[in-house]
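Notes to accompany the following structure.
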Amino acid sequence: MSKDSRSEPDGHRLRRRDTVALTAIAVAVLLVLAITGAVSLWVALSAASSIAALSFIYFLLISTVVAPRPASPALAPGNRSADTLSPAREILDHLPFPVMLVGPGGRIERANPAAHEFLGLGAESGLLSASLRQPKVLEAVSAVLKGEKARIVEYSTVAPIESHVRVHVIPLKAEEPGAFPWRALLVLADETSSKRAERMRADFLANASHELRTPLASLAGFIETLRGHARDDIAARDRFLSIMQDQTERMRRLINDLLSLSRVEMDEHVPPSGEADLAAMALDTIDSVGPLAKPRDIRIDFEGDRSASVVGERDQLFEIAQNLIENAIKYSGPGSRIICDIHADIGREDIERLTSCLGPEAGRLTIAAPARSAGTRFALLRVRDAGKGIERRHLPRLSERFYRVDGQKSGPKEGTGLGLAIVKHIVSRHRGGFFVESLPGEGSVFSVIIPRHIAETPAKEG
């Protein structure tokens, strides 16, 4: 036996041995369940991976957290001299998921960089309750600090961005004389993407089955007619085929919009990191929708700045401009004038003034509010149509899926009712704002603001 092994406390060696044994048993049981068909192979592998990861973390922390050493300096946040003496701590710093060590009184004694980023912790770690205001998690930590068994807690938030998190709270016993006997190890897993994917599949099936039922029934009826008494009626056949083509095109647009909405909702909690030109997106959109406006003699005028750099995803910003300008074309009468303008650099104090264009009698609604970060500058895209306008009572429902205002007749191609819902979710992902103002008889103004930079992510809390 080496000198290091002889000097190591027996409790440490026994804990490592028990950890390896229990992990092996748990993984073996999961594999047996998968082979016998009790659980799916994917579930078994996922559970085995989670157990192995948690065991590995515990295995590493045994020699650092519970080893005989002074409690304060080694555990103090930011004590790099102590960190360099512990390879295990360096490994924890490079783990991709958030890990925290919570000590007496609920004070964070250690947090890896992933935890700092996920919870928006400052340079110095303080009380857990100040960064994670989740009663279920705090209750579990308090119980573990009293020596109770490990717990798994799940929580969800809806503001500022929807998130779903699973927290593993694991008790760790310290052996140094006179020290507080228990600490809590927190391992956080962000399950937002998987929850969104599950809901996206359910929503897609529900929406597709509901909205596709009408055009499919129409197609089935026309096909039956063409195979029956209208088989030799050339005029009826041509008319029916034209209607069938329109219904098919409507289904194609509907499916494309549903897929687009699902993709946006899937990534809404992850802010973009690239850079794009909002003005260039608007100009490209005006060129691309020209064929829709020309037959109805609708003129689209671009005003304002010709360059507006923002933090965003180019394709999604193009989708915002496309939906807003296409809607303006659909709901404006023949020979109308649509105004699309850009303000490249505005502050929060300018938002209300620039999104109010139709006077005090107009109805105005904030569909999505911008992130509340001091000093943030924005670029503004504003589209004003020449339609009939929308009554105030309809404004709160404009961004609902498939909602259409009564009495509002669109252009030759009927919309899917998803355009403004897509815009709302894209704007939310970009931490921007979305506003609508409308006055019956005067038309409507839709305004979108996108940050010129993304501020530091705030702490995720309920």
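No value in this document is a laboratory result; all are computed from the given coordinates. Predicted model, so just to flag it, every value in this text is computed and none were measured. As a convention, Cβ positions derive from the backbone with ideal geometry for all residues, glycine included, and neighbour counts pool all protein chains shown.
The table that follows gives values for the structure above.
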{"read-out": "Intensity falloff of the range 257-381 expressed as log10 I(q)/I(0), Debye formula with alpha-carbon point scatterers, at q = 0.13, 0.16, 0.17 Å⁻¹", "value": "-0.63, -0.96, -1.08"}
{"read-out": "Net charge, L381 excluded, C-beta distance under 11 Å - Lys, Arg +1, Asp, Glu -1", "value": "-1"}
{"read-out": "Ranked by how many other beta carbons lie within 10 Å on average, peptides 110-118, 213-221, 127-135, 391-399 from highest", "value": "110-118, 127-135, 391-399, 213-221"}
{"read-out": "Contour excess over end-to-end distance, with Cα ends at R377 and T248 and 0.36 nm allotted per residue", "value": "42.0 nm"}
{"read-out": "Proximal lysine pairs, the range 271-462, alpha carbons under 21 Å, eight or more residues apart or interchain", "value": "10"}
{"read-out": "Most to least packed among 278-286, 330-338 [average Cβ atoms within 10 Å]", "value": "278-286, 330-338"}
{"read-out": "Stretch gain in nm, segment D233-S356, where the contour uses 0.36 nm per residue and the Cα spacing is subtracted", "value": "38.7 nm"}
